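One structure below.
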Amino acid sequence: MTSSELGMGLFLAVLSGLMNGTFTLPMRFLGRWSWENVWAIFIVVSCVAMPLVMTFATVSEPRAFLQAAPAQAVAIAVATGFVWGFGAIMFGQGVSAIGISMANTLVLAISSSVGSFLPMLILAPERLFRPQGRAIMLGTAIAIVGIAWCGYAGILRERSEREGGKKGEREMVGQARPFWVGLALCAGAGLLSAVFNIGYSSAQGVMEAAVRLGNSAFAGSNLVWQLMLASGAVANLGFCAHQFKRNRTWSRYSKEKTLPLYLLSILMGLLWGGSIFVYGSASPKLGRLGPAIGWPLSLTVGLLTANACGILAGEWKLARWADRAWMGSGLAVLLAAILVLGWSGTLG
């Protein structure tokens, strides 16, 4: 590995985190549409269009490559992608309920910790009491403390907003919900994001088939994403269709002066979908440093960026200094957990 490759890999890992941390910011300015109007476009762009473009741009003869892949690996990718789709729905609803910074913090923390622990528990339980397993359990325990810390900060923020009499037109797309409902939605989203990681880990046979047929590992990973994201899109678009029928909101697409809303929704899809493929490009350039440096670096940048977006969007403007201090302390604990989980990647 050359220093230029390492530098490019680190740059792409940071870029992936920036894209992942900012993709929900446009939701703050889409209140003229219903949640399903925004989310349907986001899913079409990020889970249907982008994976198709990447697959056909990087994979030679995708059909032959899928036929050569183990049927079990393909089935796992499709099934776990479909389950993850419901986690994506919960995340989208959670952001609407409790805001950009809190939702992203909780979901990224839960998915990073459980996403490290569950694959080992399911795929290699004998490693749990080896150095790597102990490091993952330690990182998960620290993350649980940080999640509780940030959750308490959110409760304090909500209390401050209620006492401050926050009023006015709702800017965030979607309907207002009690804070505890938002917490539950984000917890579910984080857990199902871990299922996404298990599916990707268990579908490596698809990537191996790509390499055997002369494709790169990056091209193989793109086909895995294609299977999982398309399957997740089915769940998301099915839910959006239900909401369109229930709320009679399909007609909002044809109202006047909606071009900015279309563009912001498309931007959301490009940022989130792009973050996946950018990190997929970063990982091979980092070699063995990928799980040790690239993954925690991307998550850390994503967490900090999402919280910066939340602050800039005014989500903490009515919070007291003590509320912000609790959130900052919780973030510090979560960053420590991510570093421990990243360090565990060097012990495998």
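The values are calculated or read from the model by the stated rules, or taken from the named source; none is laboratory data. The structure presented is a predicted model; accordingly, all values stated were derived computationally and were not measured. Using ideal geometry, Cβ is built from the backbone for each residue, glycine included, and neighbour counts are taken over all protein chains shown.
Restricting Ser254, Ser329 to residues that are within 24 Å of the chain's Cα centre (by Cα), farther than 30 Å from Val59 by Cα and at pLDDT 90 or above narrows the list to Ser329. When residues of region 1-32 are filtered for being over 17 Å from Asn104 (Cβ atoms), assigned to a helix (DSSP H, G or I) and among the charged types (D, E, K, R), how many remain? Total meeting the criteria: 1. With Val234, Val195 as the choices, which residue is over 16 Å from the mean Cα position of the chain (by Cα) and of a type in the set (A, V, I, L, M)? Checking each option against the conditions leaves just Val234.
Taking the conditions exactly as written (over 23 Å from Met207 (Cβ atoms), surrounded by 20 or more Cβ atoms within 10 Å (Cβ to Cβ) and touching a helix residue (DSSP H, G or I) at 6+ places or on another chain (Cβ under 8 Å)), does Phe91 satisfy them or not? Yes.
Against the criterion of being within 23 Å of the chain's Cα centre (by Cα) and of a type outside the set (A, V, I, L, M, F, W, C), Gly205 does not qualify. For region 1-15, enumerate the residues that are more than 21 Å from Leu264 (Cβ to Cβ) and surrounded by 13 or more Cβ atoms within 10 Å (Cβ to Cβ). Hits for region 1-15 are Glu5, Leu6, Met8, Gly9, Leu10, Phe11, Leu12, Ala13, Val14. I'd like the full set of residues that are at pLDDT 75 or above and surrounded by 24 or more Cβ atoms within 10 Å (Cβ to Cβ), limited to region 113-122. Matches in region 113-122: Ser113 only.
Quick grid of which residues meet (1) crowded, with 19+ Cβ neighbours inside 10 Å; (2) of a type in the set (Ser, Thr, Tyr); (3) over 24 Å from Gly87 (Cα atoms):
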residue: Ser193; (1), (2), (3): yes, yes, no
residue: Met207; (1), (2), (3): yes, no, yes
residue: Gly214; (1), (2), (3): no, no, yes
residue: Gly220; (1), (2), (3): yes, no, yes
residue: Ala241; (1), (2), (3): no, no, no
residue: Lys257; (1), (2), (3): no, no, yes
residue: Ser265; (1), (2), (3): yes, yes, no
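Taking each residue of region 313-327 that is small (Gly, Ala, Ser) and looking for partners that are buried (at least 16 other Cβ atoms within 10 Å of the Cβ) and not in a loop (DSSP other than H, G, I, E, B) with beta-carbon atoms closer than 6 Å, six or more apart or interchain, yields Ala313/Arg28; Ala319/Arg157; Ala319/Ser160.
For region 33-43, the set of residues classified as part of a helix (DSSP H, G or I) and more than 16 Å from the chain's Cα centre (by Cα) consists of Trp35, Glu36, Asn37, Val38, Ala40, Ile41, listed by residue number. Of the helices (runs of 4 or more DSSP H) lying entirely inside region 49-137, those carrying at least 3 residues that are within 22 Å of Leu339 (Cβ to Cβ) are 100-123.
I want to confirm something. Restricting to region 222-239 and keeping residues that are small (Gly, Ala, Ser) and under 30 Å from Ala148 (Cα atoms), which single residue is surrounded by the most Cβ atoms within 10 Å (Cβ to Cβ)? Filtering first and then ranking leaves Gly232. Restricting the search to region 278-302, which residues are modelled with pLDDT of 85 or more and more than 16 Å from Glu5 (Cα to Cα)? Across region 278-302, the qualifying residues are Val301, Gly302.
The one condition from (1) at pLDDT below 80; (2) in a helix (DSSP H, G or I) that Lys166 does not meet is (2).
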